[in-house]
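Shown next, in structure tokens, is the structure this report addresses.
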Amino acid sequence: MGVVEDLKAEVTMLRKLLDQTQRAGQRAPAKPSPAAVAEQYSLPNVIRFPLAEFAAGRGQRVPLPETVEEIAEVIGREKAVRLVEGTRQRGTRRWRRHLYIPSDMPEDHRIVSLIGWDAAQALSFSHANSVLELPSCHSLRKAYLADVVAKMAGQGADQAEIASELGIERKTVANLLDLAEYWAPRLV
């Protein structure tokens, strides 16, 4: 049995030498800088916030969750929903969006890029040094989708076309059309 163990040790040593010779002359993989790692977690470049536009326009009467309503009292309804849309989801649960509000808001902060300097300062003043868990505004999303589906159906699109355009199932389109009847009188 001693010979087998010696051969295994020799094979392991030869594999190490082979690996070293294959990597000879190549640079070691560079570790990314902390700034590059932090950039991965920055917000995506979003140009349009359809849910925020809807909340300020036709969806003014759609109720917001309590936390978002509290923020909306400080910075306005559209900017509060824009903050929800622009905040990334954390963890495995879709509805969890955590946002830290610093007490001293620099001009290049991501919150400033989302809602503007004045609104960011007001938010910093009212919620300084706190972590907000922003809900996903489920009822507002449902109302928005129901409104979009109703508009598409009103323009003559059938359920299959709407489903393929929005990337949802036909059954969901039928449910959204039923919801559109509910939301139609509640939308401005």
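The values are calculated or read from the model by the stated rules, or taken from the named source; none is laboratory data. Since we're looking at a predicted model, the values are computed, not measured. All Cβ positions, even for glycine, are placed from backbone atoms using ideal geometry, and neighbour counts span all protein chains on display. Surface accessibility is based on the protein's heavy atoms, side chains included, excluding ligands, DNA and RNA. Shrake-Rupley method; radii C 1.70, N 1.55, O 1.52, S 1.80 Å.
When the Cα positions of SER113, PHE125, ALA174 are compared along the charge dipole of segment 55-188, ALA174 comes out farthest toward the positive end, with charges on each C-beta of Lys, Arg, Asp and Glu. Per-residue Karplus couplings for segment 75-81, computed as 6.51 cos²θ - 1.76 cosθ + 1.60 with θ equal to phi - 60°, are listed in order as 10, x, 5, 4, 5, 5, 5 Hz, Gly and Pro entered as x. Count neighbours as other Cβ atoms within 10 Å of each site's Cβ, and list the GluC sites (Glu not before Pro) in segment 82-165 that are DSSP loop with at most 11 such neighbours. The qualifying sites are GLU107. Rounded to the nearest 0.05, what FRET efficiency is calculated for GLU133 and GLU53 with R0 set to 22 Å and r the Cβ-Cβ distance? The computed FRET efficiency comes out at 0.40. For a straight C-alpha distance cut-off of 26 angstrom, the lysines reachable from LYS142 (same-chain residues fewer than eight places away being disregarded) are LYS79, LYS151, LYS171.
Three principal axis extents of segment 68-188 based on alpha-carbon atoms, in descending order, are 52, 33, 22 Å.
To the nearest 20 debye, what charge dipole does the chain have about its Cα centre, counting +1 at the Cβ of each Lys and Arg and -1 at the Cβ of each Asp and Glu?
That gives a dipole near 360 debye.
Across ARG77, ARG58, the residue with the most accessible area heads the list, and the full order at a 1.4 Å probe is ARG58, ARG77. Toward the positive end of the charge dipole of the chain, with +1 on the Cβ of Lys and Arg and -1 on the Cβ of Asp and Glu, the farthest Cα among MET152, LEU18, LEU51 is that of LEU18.
So which chymotrypsin sites (Phe, Trp or Tyr not before Pro) in segment 113-188 are both in a DSSP loop and have at most 13 other Cβ atoms within 10 Å of their Cβ? When the chymotrypsin sites (Phe, Trp or Tyr not before Pro) of segment 113-188 are filtered for loop state and at most 13 Cβ neighbours within 10 Å, nothing remains. Every helix of 4 or more DSSP H residues in the chain counts as -39500 (n - 2.57), and over all residues that averages to -18000 deg cm²/dmol at 222 nm.
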